[in-house]
Amino acid sequence: MRTIMYALCGLVLLLGVSTVFSSCTSQTPIHTVSSPNRNVRVDFGLDTIGQPFYQVWYDGQFVIQKSDMGFVLTGGKTLNSRFTLVNKTENHVDEVWENYWGQRQYIRNNYSEAVYSLRHDLGTLKVFFRVYDDGLGFRYELEANNGQEITIADESTSFNVAPDAQSWWIPVDDDSYEKFYEHTTVAAIDSIQTPFTLEMSEDLYVCIHEAALIDFPSMTLKKGKNGQLRSRLVPSSKGSVYKGGERVTSPWRTITIGRRAVDLINSNIIENLNEAPQHDFSWVKPLKYMGIWWEMHLGLKSWSPGDKHGATTAHAKEMIDFAAANNMNGLLVEGWNKGWEAWKDFDYCQPYPDYDLEAVVKYGQSKGVDIIIHNETAGYVKEYEKQIPEAFDYYQKLGIKYIKTGYVGPIKNGEPHHGQYMVNHYQYVLEEAAKRGICIMGHEHIKPTGLHRTWPNLLAVESARGQEYNAPWAPENNPVDHTLILPFTRLMGGPMDYTPGLFDLTYAQHGIKDKRAYSTLAHQLALYVVYPGPAQMACDLPQNYTGHPAFEFIKQVPVNWSKSIYLDGEIGQYLVVARKSRENDSWYLGALNGEEERRVEIPLSFLDSNCHYEATLYKDGEMTNWQHNPQGVLIDHQKVDHNSILSLKLAAGGGCAITLMPCKD
Ligand code: NOJ
Ligand code: CA
């Protein structure tokens, strides 16, 4: 956090928090805390057996009905009854903070807080609620009596949501988020991973996730016997889910709420619930990058050495030249280090003989192109950890500023990808990198929970099916609506290294049949605006960009924004976003479309009122959709201002990307 513009912390609010006696449980008081504008109300209480519960309202409508709270410790000791309330404090915070990169440069953090301290034979439990106008977070702080070590067997937080609500989710797999999204009622769910998004009615949307996942297992949700969704923490290989000291602080459990689907993604709750950075991160530089990457996924080049080896010195220099000539400042090189043939015994300092790492890095630096060094672990995490201090020191000495990590396959010591052990591993990598001025892009990584606020060197992670699943090796490519579900689900936690920018969508030129991207070229361009993130790839091969007029858009589009407004959209169907560059006064607009062709009317009232703009529109061609002529793109120019309304036809699987440059006159 560079500047706190104004802060009103620590003010005890007497209005906004109240205590009443519940009519249904006549003995037990219900304590209420409301958001600053009173749209969101959270009730908390202890029921007649001393079990904590909460319930959430939005503008008088139930969002979460009475739901249990608590924990189960190892040995079957339950921490979900026989509590007494010993103290309650209230607080209100209204501050604005500035980030190094992001969708918005200044973020308002405005909430009402209530902290309930509960006593139990086994220890004390504090429950913190922070209630915003667009949702809430709550977290637990648990302290055992007599300083005993706490080992948690499970968490008993329920999310009692209406069974007939529509929802978008991926099923539980403690090792992977690379799944197809399901769209069902809540009643049809067995277990899900978060972010989990619901449409409760025409004007009530909700997303359940977590924030600040640190030294704790990831939370999934499972249907309990009573039909309610209940937290299930990812277990360790040894059975227990959490092992810690005498005090445990859980991540925040977040519930984002809005009237429209886009309200969910206009929310800043998840970042706000993470801590401000403790160090200077002004050295973190957002980047647009290319890669010795897609050619391997197409099967044209190989990660391992041989005739088709991708990571050669000559090829890397060629790619650096192309990147430098086209306004890109990064190059990812995969398959550069010993270990790929055997898919084990990776050496993170030892390049293959045909790749002169030091010469490539220097050449890149001379052209303003940073090398993103790839560290694939294939799940050999212990072996990776052993090499990290030496390897990261070496990278720092060479001036390498970006590492892409990878964790393909099971973690070899038996720990799940999403348990406490691996959560701590990802954190270790992040912190070791930060010490040396290095940024991280993680694949097969833990889902994002807004930690990039505290650690801005965490640029983007994968943690979902990315564009790589449009490759010929994928048994099934990503469905058309996939890119329209991700913003409302996976992207709620933070930026994704989705790797947009395919111009060749069918691979017919390589004789590849039956595998393709279910998208038009204009859809690929729109992804740069719709998916925010400080590291964006132009994933295709230089030959598909050379001489293509639409490449101009990728060259121009910023990766860091001062303002972002999600204007309109429906989950899985379409999404329209406007963003203002952090560099200058230009605006960009992205419209992404799903399976149904549609027309959208977009008022440009977000534009500065004292300025005219030259709009350049990259639209789907007349006869274009994801199936037919997907590469068809029309480039149009218009003069617009804040009174203009754009009417855009979006093809099936299509989109539109627009630059809005202030006119000089
Ligand atoms: C999976 C990653 O998502 C992809 O980007 C990478 O190229 C391969 N693993 C190889 O490490
Ligand atoms: Ca992957």
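The values are calculated or read from the model by the stated rules, or taken from the named source; none is laboratory data. Worth saying up front: this structure is predicted, and the values here are computed from it rather than measured. Every residue, glycine among them, receives a Cβ derived from its backbone with ideal geometry; neighbour counts consider all protein chains shown. Calculation scope for accessible area: heavy atoms of the full protein, side chains included, ligands and nucleic acids excluded. Shrake-Rupley method; radii C 1.70, N 1.55, O 1.52, S 1.80 Å.
Pick out the one residue from Gln193, Gln228 that is within 16 Å of ligand 2 (Cβ to nearest atom) and within 29 Å of Glu113 (Cβ to Cβ).
Working: Gln228 fails: within 16 Å of ligand 2 (Cβ to nearest atom).
Result of the check over Gln193, Gln228: Gln193.
How many residues does segment 368-410 hold that are in contact (Cβ under 8 Å) with a residue 60 or more places away in the chain and away from ligand 1 (no atom under 13 Å from the Cβ)?
Residues flagged as in contact (Cβ under 8 Å) with a residue 60 or more places away in the chain and away from ligand 1 (no atom under 13 Å from the Cβ) within segment 368-410 amount to 4.
Filter segment 351-367 down to residues that are in contact with a Pro (Cβ under 8 Å, 6 or more places away or on another chain), of a type outside the set (Asp, Glu) and away from ligand 1 (no atom under 16 Å from the Cβ), then give me how many there are.
So the count comes out to 2.
Give just the number: which of (1) within 16 Å of ligand 2 (Cβ to nearest atom); (2) touching a helix residue (DSSP H, G or I) at 6+ places or on another chain (Cβ under 6 Å) does Ser167 not satisfy?
(1)
Restricted to segment 412-433, and to residues that are touching a residue at least 40 places away in the same chain (Cβ under 8 Å) and closer than 23 Å to Trp336 by Cα, which residue is most open to solvent (accessible area, probe 1.4 Å)?
Glu432
Which of the residues that make up segment 104-125 are buried (at least 18 other Cβ atoms within 10 Å of the Cβ) and among the basic types (Lys, Arg)?
Arg104
Any idea which of (1) touching a Phe, Trp or Tyr at 6+ places or on another chain (Cβ under 8 Å); (2) away from ligand 2 (no atom under 16 Å from the Cβ) is the one Gln509 doesn't satisfy?
So Gln509 meets the others, but not (1).
Return the only residue of Ile411, Ile388 being away from ligand 2 (no atom under 16 Å from the Cβ), at pLDDT 95 or above and closer than 17 Å to Lys344 by Cα.
It is Ile388.
Of everything in segment 590-607, what is part of a loop (DSSP other than H, G, I, E, B) and open to solvent by less than 40 Å² (accessible area, probe 1.4 Å)? Give them in sequence order. Talk me through it step by step, then tell me what you get.
Going through segment 590-607, the residues part of a loop (DSSP other than H, G, I, E, B) turn out to be 594-597, 604-607.
Gly594, Leu604, Phe606, Leu607 - these are the residues of segment 590-607 that are part of a loop (DSSP other than H, G, I, E, B) and open to solvent by less than 40 Å² (accessible area, probe 1.4 Å).
Give just the number: which of (1) under 28 Å from Phe551 (Cβ atoms); (2) not β-branched (Val, Ile, Thr); (3) not in a loop (DSSP other than H, G, I, E, B) does His452 not satisfy?
Against the list (1) under 28 Å from Phe551 (Cβ atoms); (2) not β-branched (Val, Ile, Thr); (3) not in a loop (DSSP other than H, G, I, E, B), His452 comes up short only on (1).
Filter segment 507-557 for residues that are among the β-branched types (Val, Ile, Thr) and surrounded by 17 or more Cβ atoms within 10 Å (Cβ to Cβ); which is farthest from the chain's Cα centre (by Cα)?
My answer is Thr520.
Got a number for residues in segment 464-480 being near ligand 1 (Cβ under 10 Å from one of its atoms) and either open to solvent by less than 10 Å² (accessible area, probe 1.4 Å) or among the acidic types (Asp, Glu) (or both)?
Matching residues across segment 464-480 total 4.
What tally of residues in segment 441-450 results from selecting those that are away from ligand 2 (no atom under 16 Å from the Cβ) and either of a type in the set (Val, Ile, Thr) or within 24 Å of Gly291 (Cβ to Cβ) (or both)?
Within segment 441-450, the subset away from ligand 2 (no atom under 16 Å from the Cβ) is 449-450.
With the extra rule that they be either of a type in the set (Val, Ile, Thr) or within 24 Å of Gly291 (Cβ to Cβ) (or both), the set shrinks to 449.
Residues in segment 441-450 being away from ligand 2 (no atom under 16 Å from the Cβ) and either of a type in the set (Val, Ile, Thr) or within 24 Å of Gly291 (Cβ to Cβ) (or both): 1 in total.
What about Tyr421, is it at pLDDT 95 or above and more than 16 Å from ligand 2 (Cβ to nearest atom)? Explain how you work it out, then say what you get.
Values: at pLDDT 95 or above: yes; more than 16 Å from ligand 2 (Cβ to nearest atom): yes.
Yes, satisfied.
Any chance you could count how many residues in segment 77-87 are at pLDDT 95 or above and crowded, with 16+ Cβ neighbours inside 10 Å?
Adding up the residues that qualify gives 2.
Among the numbered criteria (1) more than 16 Å from ligand 2 (Cβ to nearest atom); (2) closer than 24 Å to Thr499 by Cβ; (3) buried (at least 22 other Cβ atoms within 10 Å of the Cβ), which one does Ile438 miss?
Only one criterion is unmet by Ile438, namely (3).
Looking at segment 278-296, which of its residues are out of contact with any His (no Cβ under 8 Å at 6 or more places or on another chain) and open to solvent by less than 20 Å² (accessible area, probe 1.4 Å)?
Phe281, Val284, Leu287, Lys288, Tyr289, Met290, Gly291, Trp293, Trp294, Glu295, Met296
For segment 341-385, which positions are within 16 Å of ligand 2 (Cβ to nearest atom) and within 26 Å of Leu287 (Cβ to Cβ)?
Those that are within 16 Å of ligand 2 (Cβ to nearest atom) and within 26 Å of Leu287 (Cβ to Cβ): Ile372, His374, Asn375, Glu376, Thr377, Ala378.
Considering segment 324-345 alone, what residues qualify as being of a type in the set (A, V, I, L, M, F, W, C), closer than 16 Å to Lys301 by Cα and out of contact with any Asp or Glu (no Cβ under 9 Å at 6 or more places or on another chain)?
Leu332, Val333, Trp336
Please give the number of the condition His315 fails out of (1) open to solvent by less than 10 Å² (accessible area, probe 1.4 Å); (2) at pLDDT 95 or above.
Single failed check for His315: (1).
In the set Leu484, Leu491, which member is in contact (Cβ under 8 Å) with a residue 12 or more places away in the chain, under 15 Å from the mean Cα position of the chain (by Cα) and surrounded by 24 or more Cβ atoms within 10 Å (Cβ to Cβ)?
Just a single option satisfies the conditions, and that option is Leu484.
Is there a residue in segment 448-458 that is open to solvent by 10 Å² or more (accessible area, probe 1.4 Å) and either within 16 Å of ligand 1 (Cβ to nearest atom) or more than 18 Å from the chain's Cα centre (by Cα) (or both)?
Looking through segment 448-458, at least one residue is open to solvent by 10 Å² or more (accessible area, probe 1.4 Å) and either within 16 Å of ligand 1 (Cβ to nearest atom) or more than 18 Å from the chain's Cα centre (by Cα) (or both).
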